[in-house]
Every structure is written in C-alpha cells, then in structure tokens.
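Student: Sharing a structure with you now.
The values are calculated or read from the model by the stated rules, or taken from the named source; none is laboratory data. Note that the structure is predicted; figures quoted are calculated from it, not measured. Counting neighbours? That spans all protein chains shown, and the Cβs are built from the backbone with ideal geometry, glycine included. Each accessible area value is taken on the protein alone, full model and side chains, heavy atoms only, with ligands, DNA and RNA left out. Shrake-Rupley method; radii C 1.70, N 1.55, O 1.52, S 1.80 Å.
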Amino acid sequence: PEAITIQELANRMAERAVDVIRMLMKQGAMHKITDVIDADTAQLIAEELGHTVKRVAASDVEEGLFDVADNSTDIEPRSPVVTVMGHVDHGKTSLLDSLRHANVVSGEAGGITQHIGAYQVTSPDGKKITFIDTPGHAAFTAMRARGAKVTDVVILVVAADDGVMPQTIEAINHAKAAKVPMIIAINKIDKPDAKPERVRTELLQHEVQVESMGGQVVDVEVSAKNKTNLDKLLEMISLQADLLDLKTNASRPAEGTVIEAKLDRGRGPVATVLVQRGTLRVGDIIVAGAEMGRVRALISDQGETVNEAGPSVPVEVLGFNGPPEAGDRLAVVENEARARQVTSYRAHQKRENAAASASGMRGSLEQMMS
Ligand code: GDP
Ligand code: MG
C-alpha cells in the first residue's frame, strides 16, 4: 500500500503541515508531522484543501531515470572499467596497489594518491583504464544484484604457487554469469615454487581456455611484488577494451553507480561514484537509492577538485543529504521536487521491505516457494 508522511504531503501541496494535521483532526485522527498516512487518506485531505490529485504508480516514479533510449548518440569512446577478483591471498590488493603506483611519477604530489575506491591509470598505449579498487566478490555480487553493471573486464588473479582455489572458481562463475570477459593474471611469478603451467591446466578443467591451450582467454604472468609485467597486463586490458568497442554518450545528464559511501566528519556524506554515461557536474541535482542532494564538489582520484566527470571516470561526490549505499545507481534529475518524489518513494519502499522481512513474511514466503 502506498503512503506518505504528513510533511511530504504538505510540501507537495505547498500547504502548511499544521493545516494538514488540523484537517486530519477534524476527521477524528491525531497526528504528528512525521506520521505516515495512507494514500486514500492523503487524497481525501488534498481534495478537501482544494487540490487535484494525481496518484502515480511506482513505474511512473522511476520512469525516465535510467536507460533513456539514446543509443543512436552512443558515439564517444570511453575507458574500460576493470574489477580484480580471485582467491584470498592470491594478491588482489597487492596488484591493485602496484598498478596504481606504476603510473605515479615519483615526487608528483608527494607520490601520495588518496584512496577513493576506484582509480584510473594510463596504459602504455596512452589510453586510460579505470580500476575498481574494492576487490572482493561481495561488492561485485551486490552491484549485480542491484542491476548495476559496472565492470567491462575482470582480472582473475591466480597465485602461481597455489593454483586454482574455491574462490577462483567462484570468480570464474561470476564473470561467466555476468558475461564479462576475463584476463588471467598469473601472480607471484617471482616465487621459486611458482608453477604457471599448472595454473593453465587447472583453469582448463574449469572451462577457461587460455591462448597457449588453444583458447581465447589472455593470460599474463606477473609479480605484483616486483612489479613484473604490469605494463603488459595494462596493454592486454587495453586490447581487450578495443575489442569491446566501448562507447557512450558523454553529453547528457549523468548516470552512474555508487562504489562506496561514508559519512565523513568534516565533509559530510561522501560517495565515490563511477560515472557511466553523460557528464556529472557541480550543481547537478542527484538521486542515488533513497538519498538525494546537489553536487557541491567533485574530487578526482588524484585528490583534485574538478568541475565535471565524464563516462568511466570515478569521482568523490560531496553534497548528498545522507550517504547512499554501494551499488546504488545515481541519476541526475531536473529539479529538487523530482528528486524528493523519487527518494521519498524509495525510502518508503525500503521501510516497507524492512518491516515485511522483520515480521517474517519474507521467510514464510520463501518457505512456501521452496
Ligand atoms: P589478496 O587477499 O588477494 O588481496 O592478497 P594480498 O594482496 O593481500 O597478498 C597476499 C600475500 O601475498 C601478501 O603477503 C603479499 O605480500 C603476497 N604477495 C602478493 N603478490 C605477490 C607477488 O607477486 N609475489 C610474492 N612473492 N608475494 C606476493
Ligand atoms: Mg586483499
């Protein structure tokens, strides 16, 4: 059932909340401004106050936020977005760290780059590659579950001294299910007991056929520790990206996905957003999940303040009223009223879902279905 808070109802009618409460009192109900009333009551009150009521369905609220059919203008090339996956301790974090620093000219900005959850590096061919810096299958699955497809290429890290392990197989399954091409980074090649050939054979047993085994999957032997072959890995990613022919429209309102978000003591809610289409600008009115805001500042992965961020560019976004959740999709909307409509609707949905699962409805439904 649909519902609305008294405050929100008053806002939408541009009436005072006290007048709404007075109306409700006339009908024999006592309410506070924060109370939620059902849609029928809200309609009655609105009509009593001389407003015409147009009830909107969920589909109307969400309509037009995403996937506007403008494929004909998807013409500008964009950088690939890469996620690193693999078994625990096989070197995901080390590889991400090494790649991140491979590019930093020593001395530049003190050699310090801040961590925002995603970053870009330049491949030897001069093209940029965006890395999602939150390794782990959880993030990948969470984003997929919310319908966010952020990754163009998966780097599967397999330690040459350990071989294919349970989470390696899990990662293979994730990548296959999401139809995302994989590049294999056979890591820890510096170790005396490294057996890269064994890795290739084990991969074959899981239907991942690398080129030297007659397949199409590219593999690169690397050492995250010694920074061996990182340029080659970047080149392979760039080649793979060329094959994918990634293009989008940069000149439209931005769409993106929240990579991570937090409440920062000094700066308030901060969200790292990967822009996927269009361009995000300071001043834009944005929604993500049940949160809204106006972009107050954008900060690049280099820690620099920027005025805008285009497709495949990760930025920190300041100006949300509250932190959204990782995996939430971001959209720019035309005005604050629209942002309020979307987020108040979603917040309400969220509360209902929480209430439903708390009361065990979910559980019993699942039991009935299984
Ligand atoms: P993650 O769990 O996949 O993120 O793995 P980490 O990056 O934390 O690495 C696990 C361990 O392997 C750490 O002790 C790293 O120092 C080590 N390690 C990572 N890459 C290499 C490598 O290329 N060579 C060697 N010898 N050790 C590595
Ligand atoms: Mg790690």
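Student: What value, in deg cm²/dmol to 500, does the helix sum -39500 (n - 2.57) over DSSP H runs of n ≥ 4 give at 222 nm once divided by the residues of the chain?
Tutor: Calculated at 222 nm, the ellipticity per residue is -10000 deg cm²/dmol.
Student: Additional query: Based on the mean of other Cβ atoms within 10 Å per residue, sort peptides 171-182, 85-96, 26-37 so the most packed one is first.
Tutor: Taking the mean over residues of other Cβ atoms within 10 Å, the ranking is 85-96, 171-182, 26-37.
Student: Given N residues in the range 177-268, what is its alpha carbon radius of gyration divided by 2.2 N^0.38 Å?
Tutor: 1.50
Student: Can you give the accessible area per residue of the chain, in Å², using a 1.4 Å probe?
Tutor: 49 Å²
Student: Next question. Convert each backbone phi in the range 286-298 into a coupling constant with the Karplus relation 6.51 cos²θ - 1.76 cosθ + 1.60 (shift: θ = phi - 60°), then list the ³J(HN,Hα) values in order as whole Hz, x for Gly and Pro.
Tutor: Each residue's phi maps through the Karplus curve to give 10, 10, 8, x, 9, 10, 9, x, 10, 4, 8, 7, 10 Hz.
Student: Restricting things to alpha carbons, find the Rg to Rh ratio for the range 297-355 using the Kirkwood radius for Rh.
Tutor: Here Rg/Rh amounts to 1.04.
Student: Taking all protein chains as present, what is the carbon and sulfur share of the accessible area of the chain, in % to the nearest whole number, probe 1.4 Å?
Tutor: Roughly 51 percent of what the probe reaches on the chain is carbon or sulfur.
Student: Quick one: what does P(r) look like for the chain with 10 Å bins over all Cα pairs, in whole %?
Tutor: Taking every Cα pair in the chain, the percentages come to 5, 20, 26, 22, 15, 7, 4, 1, 0.
Student: So how do 326-334, 309-317 stack up, highest first, on mean other-Cβ count within 10 Å?
Tutor: Most protected by this proxy first, the peptides run 309-317, 326-334.
Student: What percentage of all Cα-Cα pairs in the range 266-326 are separated by more than 18 Å?
Tutor: Here the tail beyond 18 Å accounts for 24 percent of pairs.
Student: Can you list the residues, at least 5 places off or on another chain, whose amide H is less than 5 Å from the amide H of Ile183, using H built in the peptide plane?
Tutor: Val154, Ile155, Leu156
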